[in-house]
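Novice: My questions all concern the structure below.
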Amino acid sequence: MSDIAHHLQQVQAQIATAAGKAGRAPDEIQLLAVSKTKPLSAIQEAYAAGQRRFGESYAQEAVLKVQAAQAAGLEIEWHFIGPLQSNKTRPVAAHFDWVDSVDRLKIAERLNEQRPDSLPPLNVCIQVNISGESQKSGTTDAAVFDLARAISALPRLRLRGLMAIAENTDDEGAIQRSFSQLHDLFVHLHESFPSMDTLSMGMTQDLEIAVASGSTQVRIGTAIFGAREYRQE
Ligand SMILES: *Cc1c(COP(=O)(O)O)cnc(C)c1O
């Protein structure tokens with residue numbers, strides 16, 4: 001078995017354990033494999049081990065990989081999870097199945113306009129800044145309802161949920177509180193927007209807390225593919 005296949009099994013086991021502790025079924029939590037900065041060969045290894053959902057963060061790199069994976073015959077559900085600038089929306093609208101990191105209306109409107117007619121509507125999650133760190137992407141709790149209403153009126157988008165990145169801290173209590181708050185917000189929004197079925201929270205460092213707090217999608221890079229070299233697009 002390859003290292004990546006082995007790591008995938010470990011992460012699946014970690015999700016199952018965390019779900020069991022929280023009284024949840026493991027299949028309530030989807031695993032998004034975050035392959036940013038990693039080569040196509042790593043994606044192929046994970047794919048061969050059965051992984052079908054992948055996340056990428058850097059638009060230029062991501063589009064090349066999506067195209068290469070398609071050429072290699074891989075049938076992947078691609079999620080764009082990084083900060084998205086308005087001049088990069090077009091290739092993302094054309095090559096991804098999901099954008100999990102929509103944080104303002106302008107980006108949603110461009111994705112809606114640029115989504116090719118030949119493809120089904122683009123699934124989107126609203127990224128919420130739960131960390132309170134001003135340099136982090138994401139809309140505020142106060143603005144999320146209006147953004148959800150605006151997105152659900154756009155015909156080429158399908159509002160699917162919320163996404164957040166926890167504060168970078170060792171304080172597990174603080175992470176747990178911010179994840180629980182996001183879960184409450186998700187449950188509340190779901191009453192008005194029933195198409196929302198995805199609560200994307202949890203990364204390598206905080207997977208267990210996220211599953212305990214109601215996450216339906218964890219986004220895992222390091223634990224599957226190993227450490228990344230630092231980079232910025
Ligand atoms: C890189 C990234 C991840 C994966 O992080 P790991 O700590 O490597 O698991 C998850 N979500 C987002 C938005 C990311 O940019």
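Novice: Can you report the number of residues in the stretch 20-29 which are within 19 Å of the chain's Cα centre (by Cα) and either among the hydrophobic types (A, V, I, L, M, F, W, C) or within 13 Å of the ligand (Cβ to nearest atom) (or both)?
Specialist: 1
Novice: Among (1) among the small types (Gly, Ala, Ser); (2) in contact with a strand residue (DSSP E or B) (Cβ under 9 Å, 6 or more places away or on another chain); (3) closer than 17 Å to Gly55 by Cα, which single condition is Ser152 missing?
Specialist: The one condition Ser152 does not meet is (3).
Novice: Something else about it: How about the stretch 129-232: which helices (runs of 4 or more DSSP H) wholly inside it have at least 1 residues that are within 16 Å of the ligand (Cβ to nearest atom)?
Specialist: Per the criteria, 172-192, 207-212, 222-225.
Novice: To continue, here is another question. For the stretch 71-96: of the residues being within 16 Å of the ligand (Cβ to nearest atom) and either open to solvent by 50 Å² or more (accessible area, probe 1.4 Å) or touching a Pro at 6+ places or on another chain (Cβ under 8 Å) (or both), which is nearest to Val218 (Cα to Cα)?
Specialist: The selected residue is Glu77.
Novice: In the stretch 97-122, which residues are open to solvent by 10 Å² or more (accessible area, probe 1.4 Å) and closer than 16 Å to Arg219 by Cα?
Specialist: Those that are open to solvent by 10 Å² or more (accessible area, probe 1.4 Å) and closer than 16 Å to Arg219 by Cα: Asp97, Trp98.
Novice: Identify all residues within the stretch 1-17 that are small (Gly, Ala, Ser) and part of a helix (DSSP H, G or I); write none if there are none.
Specialist: Result: Ala5, Ala13, Ala16.
Novice: Search the stretch 170-212 for residues being touching a residue at least 60 places away in the same chain (Cβ under 8 Å) and over 14 Å from the mean Cα position of the chain (by Cα), and hand back the single one that is farthest from Glu28 (Cα to Cα).
Specialist: Selected residue: Glu208.
Novice: Across the stretch 188-209, which residue is surrounded by the most Cβ atoms within 10 Å (Cβ to Cβ) among those that are in contact with a Leu (Cβ under 9 Å, 6 or more places away or on another chain) and aliphatic (A, V, I, L, M)?
Specialist: Filtering first and then ranking leaves Met201.
Novice: Would it be correct to say that Ala68 is open to solvent by 10 Å² or more (accessible area, probe 1.4 Å), small (Gly, Ala, Ser) and out of contact with any His (no Cβ under 7 Å at 6 or more places or on another chain)?
Specialist: yes
Novice: All but one of (1) among the β-branched types (Val, Ile, Thr); (2) away from the ligand (no atom under 13 Å from the Cβ); (3) more than 27 Å from Ser152 (Cα to Cα) hold for Thr37; state the number of the condition that does not hold.
Specialist: Answer for Thr37: the failing condition is (2).
Novice: Right, another one. Hey, which of the helices (runs of 4 or more DSSP H) in the stretch 18-106, taking only ones fully inside, have at least 2 residues that are in contact (Cβ under 8 Å) with a residue 40 or more places away in the chain?
Specialist: In the stretch 18-106, 40-48, 59-71 are the helices (runs of 4 or more DSSP H) which contain 2 or more residues that are in contact (Cβ under 8 Å) with a residue 40 or more places away in the chain.
Novice: Of the residues Ile151, Ile130, only one is crowded, with 20+ Cβ neighbours inside 10 Å, on the phi < 0 side of the Ramachandran plot, at pLDDT 95 or above and of a type in the set (A, V, I, L, M); which?
Specialist: Ile151
Novice: A follow-up question, please. Given the condition open to solvent by 70 Å² or more (accessible area, probe 1.4 Å), more than 16 Å from Thr17 (Cα to Cα) and touching a Phe, Trp or Tyr at 6+ places or on another chain (Cβ under 6 Å), answer yes or no: does some residue in the stretch 215-233 qualify?
Specialist: Scanning the stretch 215-233 turns up at least one residue that is open to solvent by 70 Å² or more (accessible area, probe 1.4 Å), more than 16 Å from Thr17 (Cα to Cα) and touching a Phe, Trp or Tyr at 6+ places or on another chain (Cβ under 6 Å).
Novice: Quick one: in the stretch 102-122, of everything that is within 16 Å of the ligand (Cβ to nearest atom) and out of contact with any Gly (no Cβ under 6 Å at 6 or more places or on another chain), which residue is farthest from Thr37 (Cα to Cα)?
Specialist: In this case the residue turns out to be Ile107.
Novice: Moving to a separate point now. Please determine whether any residue of the stretch 10-27 is under 20 Å from Asn123 (Cβ atoms) and open to solvent by less than 40 Å² (accessible area, probe 1.4 Å).
Specialist: Looking through the stretch 10-27, none of the residues is under 20 Å from Asn123 (Cβ atoms) and open to solvent by less than 40 Å² (accessible area, probe 1.4 Å).
The values are calculated or read from the model by the stated rules, or taken from the named source; none is laboratory data. Since the model is a prediction, treat every value here as computed from it, not as a measurement. Positions of Cβ are backbone-derived with ideal geometry, glycine not excepted, and every protein chain shown enters the neighbour counts. When the accessible area is computed, the model is the full protein with side chains, heavy atoms only, and any ligands, DNA or RNA have been set aside. Shrake-Rupley method; radii C 1.70, N 1.55, O 1.52, S 1.80 Å.
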